[in-house]
Structures are given as structure tokens and as C-alpha cells.
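Structure record follows, encoded as C-alpha cells.
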Amino acid sequence: MIESSSLHTTRAAYDAVATLYAELFRDSVEGHPLDRALVTAFAEFVRAADAGPVADLGCGPGGVTARLASLGVAAFGVDASPAMIELARQEYPDLRFDEGSMLALDIGDGTLGGVLAWYSIIHTPPEDRR
Ligand SMILES: C[S@@+](CC[C@H](N)C(=O)[O-])C[C@H]1O[C@@H](n2cnc3c(N)ncnc32)[C@H](O)[C@@H]1O
């Protein structure tokens, strides 16, 4: 897949601010009761379905991936920013974090039990969202 210029720009921007972002939003759900409830409900649904692991797409520094894992979900993170992935791996060495684009996942059809894209598809142009 040819990489779009918007992905190139997004990756460069998050690489540049990754450390600051992680300091400010290590767990972007903590401190937000409604967000916590949504993630907790999502975890309950995917656990009940027991249909496979969950990909946290655009996982950033990995806080939400870790929250899902703490809720009993087999979650792993994917992010386009190598700096974000590096931070996530440092902070959560027991979890899996892959560098890559959510638009070109190396994941077979029907192998995931769920997908979370927490404040990450905001960077995907509407024509690419489908
Ligand atoms: C606002 S941050 C949210 C990070 C994390 N979900 C959180 O809640 O803290 C957006 C993240 O999406 C990632 N991202 C944006 N477009 C992406 C794409 N096409 N594939 C993978 N990651 C992407 C960025 O690198 C960035 O880490």
C-alpha cells in the first residue's frame, strides 16, 4: 500500500511529541468516568464473545492497551509512530506493541475479537475511513 502524505505527516508529528504526549496522557481514560465506563463495557463485550484478541489501533503510549489487558482482554497495540511504540514497550514490557498503520494491518481476516481506535481515526481522512 502506498503511504498517504497525511499518514506521513501524522507520524512525524506524533514522533516529535511522543514523550510529552505520554506525560500528559499516559492513560487517556483515567480521570474520565464516561470514557472509563465505555472501555470497561467494551472489554466486557469482547471477553463475553471470546472471539480472539483485540487490536488497539493508534495505541499511542499504550495506556489504553494496558487498561484493556488489566480488564482481562488479550489486547495488543499498533501505532504508526515508532516513538510512541518505543514508549509503550518501555512502559508495558509484558504487552505486545507493533509499529504499523491501521490502514495496512498484517492481520488475517476474522482473527480479531475486536478493535479499539481511541482518538486515533481522527487523523484518517474521511475517504480512507471505510
Ligand atoms: C491522539 S493519539 C491517541 C493515542 C491513544 N489511543 C490514547 O488514547 O492515548 C492518536 C494516535 O494515533 C496514531 N495514528 C494516527 N493515524 C494512524 C494510523 N493510520 N495507523 C496507526 N496509528 C495511527 C498516532 O501515531 C497517535 O499515536
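For SER120, SER6, give the ranking by accessible area with the largest first, probe 1.4 Å.
SER6, SER120
Taking 0.36 nm per residue of sequence separation and subtracting the Cα-Cα distance, how much length would be gained by fully extending the chain between LEU71 and TYR119, in nm to one decimal? Mind dumping the intermediate values first?
On the way: separation 48, 0.36 × 48 = 17.28 nm, distance 1.98 nm.
Stretched out fully, the LEU71 to TYR119 stretch lengthens by 15.3 nm.
Where does each of 25-35, 85-95 land if you order them by average Cβ count within 10 Å, highest first?
Result, highest mean first: 85-95, 25-35.
Between the range 65-116 and the range 43-59, how many Å separate their Cα centres?
Between the Cα centre of the range 65-116 and that of the range 43-59, the gap is 11 Å.
Using helices alone, I'd like the mean residue ellipticity at 222 nm for the chain: each DSSP H run of four-plus residues gives -39500 (n - 2.57), total over residue count, nearest 500.
About -14000 deg cm²/dmol.
Pop a pseudo-label 7 angstrom from the Cα along the beta-carbon direction at both LEU20 and ALA49 and give the gap in nm to one decimal.
Roughly 3.7 nm, to one decimal.
In cubic angstrom, how much convex hull volume per residue do the alpha carbon atoms of the range 5-128 span?
105 Å³
Packing-wise, with mean Cβ within 10 Å as the measure, how do 105-111, 15-21, 50-56 rank, highest first?
Ranking the peptides 105-111, 15-21, 50-56 by packing returns 50-56, 15-21, 105-111.
For the range 11-130, what is the accessible area per residue in Å², given a 1.4 Å probe and the full set of protein chains?
About 57 Å² of surface per residue is accessible.
So what are the ³J(HN,Hα) numbers for the range 94-108, from phi and the Karplus equation (6.51, -1.76, 1.60; θ = phi - 60°), rounded to whole Hz, Gly and Pro as x?
With coefficients 6.51, -1.76 and 1.60, one gets 8, 9, 9, 10, 10, 7, x, 9, 5, 8, 8, 7, 8, 9, x Hz.
Output needed for the range 1-56: three equivalent-ellipsoid semi-axes, defined as square roots of 5 times the C-alpha gyration tensor eigenvalues, in descending order, whole Å. The partial results should precede the final answer.
Details: eigenvalues 159, 77, 14 Å².
So the three semi-axes of the range 1-56 are 28, 20, 8 Å.
Report in % the part of the accessible area of the range 5-128 that belongs to carbon and sulfur, leaving out ligands and nucleic acids; probe 1.4 Å.
Looking at the range 5-128 in its full context, I get 56 percent from C and S.
The values are calculated or read from the model by the stated rules, or taken from the named source; none is laboratory data. Here the structure is a predicted model, which is why all the values come from computation and not from measurement. Every residue, glycine among them, receives a Cβ derived from its backbone with ideal geometry; neighbour counts consider all protein chains shown. Note: accessible area is taken over every heavy atom of the protein model, side chains too, but ligands, DNA and RNA are not part of it. Shrake-Rupley method; radii C 1.70, N 1.55, O 1.52, S 1.80 Å.
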